1. Scan region 138-154 for residues that are of a type in the set (S, T, N, Q) and crowded, with 20+ Cβ neighbours inside 10 Å and report the count.
2. Within the group Y149, Y123, Y157, which residue is in contact with a Phe, Trp or Tyr (Cβ under 6 Å, 6 or more places away or on another chain) and under 26 Å from K33 (Cβ atoms)?
3. Against the condition part of a loop (DSSP other than H, G, I, E, B), open to solvent by less than 40 Å² (accessible area, probe 1.4 Å), at positive phi and outside the structural domain of V31 (by the TED database), how does G125 come out, does it pass?
4. When both residues are 6+ apart or on different chains and their Cβ atoms are under 7 Å apart, which pairs have a first residue that lies in region 102-129 and is closer than 24 Å to N154 by Cβ, and a second that is in a helix (DSSP H, G or I) and open to solvent by 80 Å² or more (accessible area, probe 1.4 Å)?
5. Looking only at region 189-208, filter to residues that are charged (D, E, K, R) and part of a helix (DSSP H, G or I); which one of those is least open to solvent (accessible area, probe 1.4 Å)?
6. Can you confirm whether S71 is at pLDDT below 70 and in the same structural domain as F17 (by the TED database)?
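The values are calculated or read from the model by the stated rules, or taken from the named source; none is laboratory data. Computed from a predicted model, the values in this text were never measured in an experiment. All Cβ positions, even for glycine, are placed from backbone atoms using ideal geometry, and neighbour counts span all protein chains on display. Just the protein is used for accessible areas: all its heavy atoms, side chains included, with ligands, DNA and RNA removed. Shrake-Rupley method; radii C 1.70, N 1.55, O 1.52, S 1.80 Å.
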Amino acid sequence: MDCGVAKIILLFISLIFWAAGAGLAYVGHYVIKSFGSFDSLIQNKSTLIPAAIIIGISAVMFFVGIVGCCSTLRESKCGLSFFFLIIMLIFAAEVTALVFSFIYRSKINGQLERPIRDSLSKYNGEKNSETEAVDSMQTLLKCCGVKNYTDWTNTTYFSTNKTLPLSCCKNSSSPQCNGKLEEWQQFNTEGCEPNLEKFIQDVLTYAMLVVVAFAIIKFFGMVSVCAITCKSRRNGYEPLYA
């Protein structure tokens, strides 16, 4: 790779480190916030490890961008070596986050039915974590019950009130939807387990795609550092003419 081209690539990478840091911070926050909406329904908290790694990576992006920009302009071997080391560590962390995302993405399958059923059994319509988590899930994902809306008939809430939660309604503000089972046409009849599973899979897929994009940028950054360093070393052995 030509040294001039390598410097341009490296300067570009240094400049986008700030944007990359902000982007990764947003992705990590988005994953944690998305999972936080269903905190009591997701028992495997290790699914948040990729998000924690991503946020940790973003924390050093701004500083690394400054170091990379200054080192590239001055062609400082020490600075470029440090920059290369940091890029390599971030690249390794991103690959780790990618691996964890892939692992936990496959582990989600079949692990949501039990916690969702437990939450339905504890639902009482009052303001508490279990009730709010179920209502939030059914409203956001437009679903009702575990496999379908009839799962509510086996809960204490239905036995007591003889109705389904209004969060099962297609339009909870509609006076026609009063939660009575015979008005099932007013409900979202699909179960929440497949919808929640798809939601989590989509969030992790989104995070994985962003991490892959930034990892590719880091790879070209390492190649560019090597090109500039090798060029500088060759220049050090070239004879000087008057």
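1. Number of matching residues: 1.
2. Only one candidate qualifies: Y123.
3. no
4. Close Cβ pairs (under 7 Å, with a partner that is in a helix (DSSP H, G or I) and open to solvent by 80 Å² or more (accessible area, probe 1.4 Å)) amount to S121/T156.
5. Per the stated criteria, the residue is E193.
6. Judged against the criteria, S71 is a match.
Listed here are the residues, each with its yes/no results for (1) modelled with pLDDT of 90 or more; (2) within 30 Å of G28 (Cβ to Cβ); (3) open to solvent by 80 Å² or more (accessible area, probe 1.4 Å).
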position: S136; (1), (2), (3): no, yes, no
position: V210; (1), (2), (3): no, yes, no
position: A215; (1), (2), (3): no, yes, no
position: F219; (1), (2), (3): no, yes, yes
position: S224; (1), (2), (3): no, yes, no
position: S232; (1), (2), (3): no, no, no
position: N235; (1), (2), (3): no, no, no
